[in-house]
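Following: one structure in structure tokens, then a few remarks.
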Amino acid sequence: TKPTTWSDRFESALHPAIAVFNASIGFDIQLIEYDLTGSIAHAKMLAHTGIITNVEAQQLVAGLEQIRQEYRAGKFQPGIEQEDVHFAVERRLTEIVGDVGKKLHTARSRNDQVGTDIRLYLRAEIEQIRKQLQSFQSILLQKAEHNLETLIPGYTHLQRAQPLSLAHHLMAYVQMAQRDWERLGDVLKRTNISPLGCGALAGTTFPIDRHYSASLLNFDGVYENSLDGVSDRDFAIEFLCAASLIMVHLSRLSEEIILWASEEFGFITLKDNCSTGSSIMPQKKNPDVPELIRGKTGRVFGHLQGLLVIMKGLPLAYNKDLQEDKEAIFDGVTTVKACLEAMTILLAEGLEFRTPRLAAAVAEDFSNATDVADYLAAKGVPFREAYNLVGKAVKTSLAVGKLLKDLTLAEWQQLHPAFEADIYDAIAPKQVVAARNSYGGTGFQQVSQAIVTAKSRLQNN
Ligand code: ARG
């Protein structure tokens, strides 16, 4: 037997440590199903164009399908000596079908082959992640529907600002997830292009039909330039960018959940099914799930940066550096999927909002101060003047340990004669929220409309 994978130009095998260093089989075995599917389309194209016979193509396809069955049954486990999944499949195929197996690689290179595999892989994963984004949205929507009139303090600078409908707060994340879903749809367009038939870099001397194999694989089109086709990883970078934004959104929500679960906020209770204890402090209940999501965000950002750096110095066309794309893509996919799943479970069954605490929180602060200023402004007092007057009221109230709702009508009128008895209704938390009925605001009417819109969008997507 030949000492090496390579042509007879080579006389001796790789140094064992270099063989290990060079091999990608340890991780690219994940691509095997896509590699088989891509090879089947290639074999069919070779027969379609008369480059091989129909009988030969049938033998190749049957052999490739047998490998699929063997792999699924756990009986095909190629080792490091195979270098990568592409060689492993080709060798096994030749064992199964004999010499005809050696025809499969006609008019093809591992460069267009691996490009085809990762696009098929990523296409399938993007579709799954988009489904997960929809489940995440529907849990948020359910919670929003149940909490339209639950109030929660709203913050800017993490200081109490204006009270909100809890539904409005949750719906903000529905919007982010919607953009994430759309963004992935856009990435899909540029992922679903076939490089198959670009060959090593320059195309091929055989009369292949790239559009035929592309349509067998449900690609939307083919790369127009063979050099670009084998060396483009823009789609993978775009994917990691979209994945990073998903992680940004999950991480912000995680941070809020962690804060809300603290004694200081006390807005939610974490259930036992999604929290952990301490090995020493018996009283502890820790928010490990959102903490892990927040932590894993760094991995995905890292993969994005890693792939950008891999690409920036590569001369055309294929370079082995590109083998390093796979672990970044795989781990990016795995991490985003795991985090979306965990967050969806956490929201669905791992936490409860403490509505009495929330109601008390919004009733016991100065987050209705803007509404007092708005009240005066609506009566004709210039807003800036009203703003200063209310600032004074806040200062004096703070000094005597009162809230705005505790001021007597006489005290209000002393501040400005325009105050009437309806000021108390105007600054009650529920009214404060209801009144912000501008488009996209937290007013209950706006939020229930936003929920209806989001629900129907989700059903039609
Ligand atoms: N394992 C390789 C990769 O992942 C496959 C392509 C190898 N091509 C080559 N010319 N060495 O990129």
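The values are calculated or read from the model by the stated rules, or taken from the named source; none is laboratory data. This structure is a prediction, so every number in the text was calculated from the model and none was measured. Glycine also receives a Cβ, built like all others from the backbone with ideal geometry; neighbour counts cover every protein chain displayed.
Could you check the stretch 107-116 and list, in sequence order, the residues that are near the ligand (Cβ under 9 Å from one of its atoms) and over 13 Å from Phe87 (Cα atoms)?
Pass one, the stretch 107-116, residues near the ligand (Cβ under 9 Å from one of its atoms): 109-111, 113-115.
Listed by number, the list holds a single entry, Gly115.
Residues to consider are Arg233, Arg160, Arg179, Arg252; find the one that is in the same structural domain as Asn319 (by TED's automatic domain parsing) and within 16 Å of the ligand (Cβ to nearest atom).
When all the criteria are applied, what remains is Arg233.
Restricting to the stretch 368-426, what's the tally of residues that are outside any helix (DSSP H, G or I) and closer than 26 Å to Tyr155 by Cβ?
Residues flagged as outside any helix (DSSP H, G or I) and closer than 26 Å to Tyr155 by Cβ within the stretch 368-426 amount to 5.
Somewhere in the stretch 195-212, is a residue small (Gly, Ala, Ser), modelled with pLDDT of 95 or more and more than 16 Å from the ligand (Cβ to nearest atom)?
no
Looking at (1) surrounded by fewer than 24 Cβ atoms within 10 Å (Cβ to Cβ); (2) more than 16 Å from the ligand (Cβ to nearest atom), find the lone condition where Ala144 falls short.
All conditions are met except number (1).
Being within 27 Å of Ala242 (Cα to Cα), at pLDDT 95 or above and not assigned by TED's automatic domain parsing to the domain that holds Ser438: is that true of Leu170 here?
For Leu170, the condition - within 27 Å of Ala242 (Cα to Cα), at pLDDT 95 or above and not assigned by TED's automatic domain parsing to the domain that holds Ser438 - is met.
Does any residue of the stretch 138-145 turn out to be in contact with a Phe, Trp or Tyr (Cβ under 9 Å, 6 or more places away or on another chain), of a type outside the set (Lys, Arg) and assigned to a helix (DSSP H, G or I)?
Our first condition is that a residue be in contact with a Phe, Trp or Tyr (Cβ under 9 Å, 6 or more places away or on another chain); within the stretch 138-145, this holds for 140, 143.
This time we only want the ones that are of a type outside the set (Lys, Arg), so: 140.
Right, trim to assigned to a helix (DSSP H, G or I) and you get 140.
Yes, there is a match, as at least one residue in the stretch 138-145 is in contact with a Phe, Trp or Tyr (Cβ under 9 Å, 6 or more places away or on another chain), of a type outside the set (Lys, Arg) and assigned to a helix (DSSP H, G or I).
When the residues of the stretch 366-404 are narrowed to those that are buried (at least 16 other Cβ atoms within 10 Å of the Cβ) and of a type in the set (D, E, K, R), which ends up farthest from the chain's Cα centre (by Cα)?
Per the stated criteria, the residue is Asp374.
Quick one: in the stretch 85-106, of everything that is over 20 Å from Leu31 (Cβ atoms) and touching a residue at least 40 places away in the same chain (Cβ under 8 Å), which residue is nearest to the ligand (Cβ to nearest atom)?
In this case the residue turns out to be Thr106.
Got a sec? Which of Gly313, Gly306 is within 16 Å of the ligand (Cβ to nearest atom) and out of contact with any Ser or Thr (no Cβ under 8 Å at 6 or more places or on another chain)?
From the options Gly313, Gly306, the qualifying one is Gly306.
Which residue out of Glu352, Glu341 is within 30 Å of Cys274 (Cβ to Cβ), outside any helix (DSSP H, G or I), out of contact with any Asp or Glu (no Cβ under 9 Å at 6 or more places or on another chain) and in the same structural domain as Asn273 (by TED's automatic domain parsing)?
Details: Glu341 fails: outside any helix (DSSP H, G or I).
When all the criteria are applied, what remains is Glu352.
Please work out which one of (1) over 23 Å from Asp209 (Cα atoms); (2) touching a helix residue (DSSP H, G or I) at 6+ places or on another chain (Cβ under 8 Å); (3) part of a loop (DSSP other than H, G, I, E, B) is the condition Ser7 fails and give its number.
Ser7 satisfies all of (1) over 23 Å from Asp209 (Cα atoms); (2) touching a helix residue (DSSP H, G or I) at 6+ places or on another chain (Cβ under 8 Å); (3) part of a loop (DSSP other than H, G, I, E, B) except (2).
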